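Just so it is clear, none of the values below were taken in a lab; they were calculated from the coordinates. Just so it is clear, the model here is predicted, and its values are computed rather than measured. Using ideal geometry, Cβ is built from the backbone for each residue, glycine included, and neighbour counts are taken over all protein chains shown.
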Amino acid sequence: MTKKTAENQIVEEKEGFVEGEAYPNCEGEPCANMAEENEAAADSVAEEQEVETPQVEEIDWKDKYLRLQAEFDNFRKRTLREKMALIESGGSDVWKAVLPVLDDMERAIAASEKSEDISALREGEKLIYNKFVDIMRQKGVVEIEALDATFDPDLHEAVARFAAGEEKSGKVIDVVQRGYKQGEQVLRYTKVVVGE
């Protein structure tokens, strides 16, 4: 038997408590009352546990929320870094493709200083021009066709209006500067003269 205070022993003796028995000296209606009291005590303990459960759930949800927020922030930063790297390296592909044209231009300039053959120089210039246009086409850059087309403010920039008769009214009658687009994005608007 464990050590008990004198007061606890007196209370237990009065109630007829014998250690190891569930309901000591219990018969009839008093036993039913004791069972109800025990059930009520068990219910109050369960209610206390239920009160703790929402608090634990709240802590879990807060933790999950904070972790999710941190994950999203990391994802956003990583995506931003990747975009910046793509922008920085994206231009390098174009410049690598254009460098051979620069080399050809240098050779053409050196050759023009020594040569007196104008037709050969013109032929060389055309070859360099065609090479450059091919590189642009490979990169998706194409010229905006404008001559004799209907004026489109999304593609053309009117620099002048010229009386050209009714059949040329609203149409491009001259191209001052060529325009280019890459896919659907306009890189430079075509500067045109519009008939009226």
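Restricting the calculation to Cα atoms, the range 92-135 shows an Rg/Rh of 1.05 when the hydrodynamic-style radius is the Kirkwood one. Summarised as an ellipsoid, the range 46-196 has semi-axes of 60, 29, 9 Å, derived from the eigenvalues of the Cα gyration tensor scaled by 5 and square-rooted, with the largest first. Annotation: amide H of ALA158 within the under-5 Å range of VAL192, sequence separation 5 or more or interchain, hydrogens built in the peptide plane. Computed with the Debye formula from one identical point scatterer per Cα of the range 140-196, without solvent, the log10 of I(q)/I(0) at q = 0.13 Å⁻¹ comes to -0.29.
Suppose the chain between VAL142 and LEU127 were pulled fully straight at 0.36 nm per residue; how much longer would it get relative to their current alpha carbon spacing? That pair, VAL142 and LEU127, stretches by 3.6 nm at full extension. Each of LYS96, LYS191 has some number of other Cβ atoms within 10 Å of its Cβ, and from fewest to most they run LYS96, LYS191. As a quick test, which of the pairs LYS83/LYS139; LYS139/LYS168; LYS83/LYS181 have an alpha carbon distance above 25 angstrom in this structure? Exceeds cut-off: LYS139/LYS168.
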